[in-house]
Amino acid sequence: MHVRIALLLLLGVVGGCSLTPPPEVPSLVTRIETQSSFDTVGGGESAAPEPADWWREVGGDELEGLVLALLEDSLALREARLQLEQAEERALQAGAPRKPSVGYAVDRQRLRSPDPTGRYSWSESYSAGITLNHELDVFGALRSGARAAALNAEAAALSYAATEQLEIARLSRQWVAAVTLQERLALANATAGSFRSTLELTEQRYRLGSQGVSASDVLIARQNLESALVDIPDLEGQLRSQLLLIDEQLGRLPGTTAREFTGAAGATPAATTAVGHPARLLEQRPDVAAAALRYRAALEDVGAARANLYPALSLTGSLTFQGAQPDDFAWDDYLASLAQAITGPIFQGGRLRSQVRLERAEAEELAAGFARVALAAVTDVEVALTERDARQTQQRLAQAAVQTAEQSNRVVSTRYRQGLSSLLAVLETQRGLNSARLNLILTEQALRNASIDLYLSLGGDWFAGAR
């Protein structure tokens, strides 16, 4: 028995053994890491991403200012930061049992006892002491629990970084939507101005008795103007609502963004973006890294559950001073104790072994989740690249359509002023031009959103890291 205790003590001194199974990288993750490039780019854009705040590529200085306000005042990010602090505190608490605990106790007692004469008297006694408790983590249960909590805290930090990037992407889309609405409103006003000019010219030619211009032409021209004017209040309302949504996300009072908004969209996002390699993606995506950490934490929980099957060794010590008065305490007059205890399970109805199987199943589930998140990350990039390429092609076609529509509108409008073309031809070319311009505006919105999706799928602001 003494030999066993000595052996347990030795194991405790050297730090305990570990029953945590080693992590195994899921085969799907291994296959992703061995890819030389993303399928969509075919090796053409596999250079390492450039260090930059990606939202500046989308919205320039104005969006940059909104992002800074978001990072400072967002209520959603504040909640996420507080959740991260809670995870860090839980990790700190989980590591505390591995260290000795020291406490103190102060006691005062009054005793009523009879004296030789049969009378009762009161006496007082005082005691003060220090206690020490320490569990030797022989089989690593406490250590595994502390490691699991620490890994979960790291995962929480990465989850916060992912939340931050998601909020920035959401804000960027909100801003792009506001810019698009402002451009559509400007187009609607320009369309109304164009139809107004056509109406005035038609009315002038009708008053002068020009051939080919009738009262019905005046009515048709006025009808087109009125139809164009109907869209303006709706677009104004949509724009204001969109700016109010930005206020809400930034934690601002309603109307703040509307007073500052300019809608300067800046340049169109770059035609190409360096995306790196799939293996690099798994490192820079915070959600993938967090999934890997949670899997490792679950393995530590397996180790802790296994350790609970074995005996636990604890040490308890105390140092106590006693006296009739506190002044009677003296360093050469104390009571000391030191105890060792070995405790272990005998029969638990299968609960402990069931806990091991449960923790192992949860670890296997998180391993599958790790593989699923890794695959989703690669798929996100592939989809975003495909979407961006399609939108870029669509943008080129939309720009060509606008140029053709502008040329056609100039020719027909000139011929109409010269009396060589009909009103219906003018209105048709104007509607075609306005439709082409609207299509270009919406295509550029889709292209900017596709760029946001691509930046986000690559891990967001991967060089800056969590703030």
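The values are calculated or read from the model by the stated rules, or taken from the named source; none is laboratory data. In this text the structure is predicted, and so the values were computed from the model without any measurement. Cβ sites come from the backbone with ideal geometry, for glycine too, and all protein chains shown count toward neighbours. Accessible surface areas use protein heavy atoms only, side chains included; no ligands, DNA or RNA. Shrake-Rupley method; radii C 1.70, N 1.55, O 1.52, S 1.80 Å.
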- [ ] Work out which chymotrypsin sites (Phe, Trp or Tyr not before Pro) in the chain are exposed loop sites (DSSP not H, G, I, E or B, at most 16 other Cβ within 10 Å) and give the longest gap free of them.
- [x] 1-328
Open item on the list: What are the equivalent ellipsoid semi-axes of the chain, built from the alpha-carbon gyration tensor (square roots of five times its eigenvalues), in whole angstrom, biggest first?
Closed with: 76, 30, 15
Open item on the list: From the convex hull of the Cα coordinates of the stretch 66-185, what is the mean projected area in square nanometres?
Closed with: 15.3
Open item on the list: In Å, what Kirkwood hydrodynamic radius results for the stretch 183-234 from the alpha-carbon pair distances?
Closed with: 11.4
Open item on the list: Quick check: residue separation of GLU72 and ALA215 times 0.36 nm, minus the Cα distance between them. What number comes out in nm?
Closed with: 45.3 nm
Task: Helix 2-13 axis, angle to the chain major axis (alpha carbon atoms, nearest 10°) - done: 30
Task: Shape category assigned to the stretch 342-421 from the gyration tensor of Cα positions, a/c cut at 1.5 - done: prolate
Open item on the list: Using just the Cα positions, wrap the stretch 145-298 in a convex hull and report its mean projected area in square nanometres, one decimal place.
Closed with: 15.5
TODO: Go ahead and run the numbers for FRET between ALA368 and ASN133, Cβ-Cβ distance against an R0 of 30 Å, rounding to 0.05.
DONE: 0.15
TODO: Only helical DSSP H runs with n ≥ 4 go in: add -39500 (n - 2.57) per run for the chain, normalise by residue count and round the 222 nm mean residue ellipticity to 500 deg cm²/dmol.
DONE: -23000 deg cm²/dmol
- [ ] With only alpha-carbon atoms counted, please give the Rg and Dmax of the stretch 214-302, in Å.
- [x] 25.9, 88
Task: Per residue accessible area in Å² of the chain, where ligands, DNA and RNA are left out and the probe is 1.4 Å - done: 55
TODO: For the stretch 129-215, divide the Cα radius of gyration by the Kirkwood radius and give the resulting Rg/Rh value with two decimals.
DONE: 1.75
TODO: With a point put 7 Å past each Cα toward its Cβ, work out how far VAL411 is from LEU309 in nm, to one decimal.
DONE: 8.6
- [ ] Can you tell me the FRET efficiency between LEU375 and SER125 if r is taken as the Cβ-Cβ distance and R0 is 56 Å, rounded to the nearest 0.05?
- [x] 0.20
Task: Relative contact order of the chain, defined on C-alpha pairs under 8 angstrom at six or more residues apart (%) - done: 26
Open item on the list: Rg/Rh for the stretch 270-422 to two decimals, with Rh computed the Kirkwood way over all alpha-carbon pairs.
Closed with: 1.54
Open item on the list: Defining a contact as two alpha carbons under 8 Å apart and six or more residues distant in sequence, what relative contact order in percent does the stretch 353-453 show?
Closed with: 36
Task: the stretch 223-263 - convex hull of the alpha-carbon atoms, volume per residue in Å³ - done: 66
Open item on the list: Within the chain, what whole-number % of the accessible surface is contributed by carbon and sulfur, with the 1.4 Å probe and all protein chains included in the calculation?
Closed with: 54
Open item on the list: At a 10 angstrom cut-off on C-beta neighbours, averaged per residue, how do the peptides 210-216, 376-382, 79-85, 153-159 rank from highest to lowest?
Closed with: 153-159, 376-382, 79-85, 210-216
Task: Estimated vicinal HN-Hα couplings, Hz - the stretch 28-34 in sequence order (Karplus 6.51, -1.76, 1.60; Gly, Pro = x) - done: 5, 5, 4, 5, 5, 5, 8
Open item on the list: Can you compute the FRET efficiency between GLU89 and ALA258 using 1/(1 + (r/R0)^6), with r the Cβ-Cβ distance and R0 = 45 Å? Round to the nearest 0.05.
Closed with: 0.65
